[in-house]
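Some notes on the structure that comes next.
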Amino acid sequence: MTMAMEMRLFNTLTGRVDPLVPLRPGEIGMYVCGVTVYNRGHIGNFRTFVATDLLRRALRYAGYRVTQATNITDVDDRIIQQAQAAGKGLADFTAEHVRAFDEDARRLGLERPEYNPRATEHIPEMIDLISRLQARGHTYSADGSVYFRISSFPDYGRLSRLDVAGIQAGARVDADKYDKENARDFVLWKAKQNEPEWAQWDAPFGRGRPGWHIECSAMSMKYLGETFDLHCGGEDLVFPHHENEIAQSQCGTGKPFVRHWVHVKHLLVEGETMSKSKGNFFLLPDLLERGHSAESIRYLLAGAHYRKPLNFTFEALTGAAAALARVRSLVQRLGDVAREGPAGPVEDAVQAARRSFAACLADDLNTPEALAAVFGLVTRANTLLAEGTLTREGADLVLGELKDMDSVFGALLPQAEEQYRLSADEQALFDERQEARKQRDFARADAARARLEAMGVVLEDTPRGTRWRRKR
């Protein structure tokens, strides 16, 4: 088995770029805080989701098997208020926003995580975690609600480097508006007498519903274990949400919660924070209606380093489209190369680009420099084309490398074209062969390969995995 390449990522918990050291060699358990479905996600939301999708893809490119869980928060104060205002129940109201998010995610090329848990489908797990916190003495009750006592967890504030003692009595440190012993404490279970029955559940501590923070702890630990490798989200979630997740999770289990925390910087629009009042608040459909492609939008969102603010401008979006056109023009010309002979000098260019690309991704997901490696290869291939020295074998090498690079960026090649995407039947055969090889069932693997070749798909097994291309 090929060893996974070491990845180094900034860890919010330590405040430095650290090696990502998984609990199980070659495997990464990854949790991403998902959407709260009371409206349609905006491009600021998708800045985070594209960045974490790119991280997932980069980990897989580096040789890791990734298991990702991304939650859907489908019950909270805003959702309940807006559902009531719309005259709808919880499920009907949230369904339309879940569908909208799925549509936008598909358009932007986000891979589906292995698990997409909804809060309302995991109430028993939340009740169990709260009960464990009660048994360990970390909670108290007030007016039927259950609160986490922050003073019971001395490490509170370590992630956000917060001076907990400096929080003044009466200060608002989270979105909960309930009676507390201390302003620092947060709600685990909310007793809400004035809310509809469809937003309440029975629990040993009374009828009500979960607080926001407990939802992610319960769901992440169900699918990834009580200690897991990587937790991601926008920088606005560091405090209080992720700080509270750590407190309740570690106090509930007695174990470390997450080993590595990654947070994505905010997005600006034309140099300003995004808001409806400024007229710079954009949803994905808004940008598509203006004639911009989803792939250009993804390219722009993916191309900035995740730890630096991204200034989303229409000039930059036009530039993204031009960059993609440059790659695709090369790909089209590569398909026309007919010259026979060995790959020649382009082989060295491909290997150098591969090394640089991989090293940049491993260095705190340095996407701007990784793209520089992509375009360095594009420039060299165009030069060889202009000189008339590129052979068909060399062209295939370049195209194969661009496909590998695009397995991370998910925007460079025109994914809608059959040439660059396996059909459902082809993908099923590809997956069948991969599974057969894992099980050392080589006869079944060879049969799947033969069927793919009969369909015009040629496979090549490499140290980085199996590549495919269409027969000329």
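Computed on the chain, with alpha-carbon pairs under 8 angstrom and 6+ residues apart, the relative contact order is 17 percent. Taking all protein chains into account, the per residue accessible area for the chain stands at 45 Å² (1.4 Å probe).
Could you tell me the calculated FRET efficiency between GLU435 and ASP461, based on Cβ-Cβ distance and R0 = 22 angstrom, to the nearest 0.05? Efficiency, rounded to the nearest 0.05: 0.90.
Each Lys or Arg adds one and each Asp or Glu subtracts one; over the other residues with Cβ under 12 Å from the Cβ of VAL75, this totals -1. Between GLN351 and ARG16, the modelled labels are 3.5 nm apart [label points 7 Å from Cα along Cα→Cβ]. Long hydrophobic helices in the chain: the complete DSSP H runs spanning 20 Å or more by Cα along their own axis with mean Kyte-Doolittle hydropathy of at least -0.5 are 43-61, 314-334, 346-362, 367-387, 392-409. Would you check the accessible area of GLU114, probe 1.4 Å, heavy atoms only, in square angstrom rounded to 10? GLU114 exposes around 90 Å² with every protein chain in place.
Computed over the Cα atoms of the chain, pair by distinct pair, the Kirkwood hydrodynamic radius stands at 24.5 angstrom.
Taking only the C-alpha atoms of segment 44-159, the Rg (one decimal) and the largest Cα-Cα distance, Dmax (whole number), read 18.4, 51 Å.
In loop segments of segment 57-148 as defined by DSSP, the trypsin sites (Lys or Arg not before Pro) with at most 13 further C-beta atoms inside 10 Å of their C-beta are ARG136.
Quick one: with all protein chains in place, what share of the accessible area of the chain is carbon or sulfur, to the nearest percent (1.4 Å probe)?
Details: 10200 of 21100 Å².
Percent of accessible area from carbon and sulfur atoms in the chain: 48.
Roughly what % of DSSP beta bridges within segment 208-363 run antiparallel, to the nearest 5?
On the way: 1 of 10 bridges.
For segment 208-363, the DSSP antiparallel bridge percentage is about 10.
Volume of the convex hull of segment 265-332 (Cα atoms only), normalised per residue: 86 Å³.
At an R0 of 60 angstrom, the distance between the Cβ atoms of ALA386 and TYR140 translates into a FRET efficiency of 0.20.
The distance linking segment 187-214 with segment 278-299 is 38 Å (Cα centroid to Cα centroid, whole angstrom).
The values are calculated or read from the model by the stated rules, or taken from the named source; none is laboratory data. This structure is a prediction, so every number in the text was calculated from the model and none was measured. Backbone-built Cβ (ideal geometry, glycine too); neighbour counts: all protein chains shown. These accessible areas exclude ligands, DNA and RNA; they are computed on the full protein's heavy atoms, side chains included. Shrake-Rupley method; radii C 1.70, N 1.55, O 1.52, S 1.80 Å.
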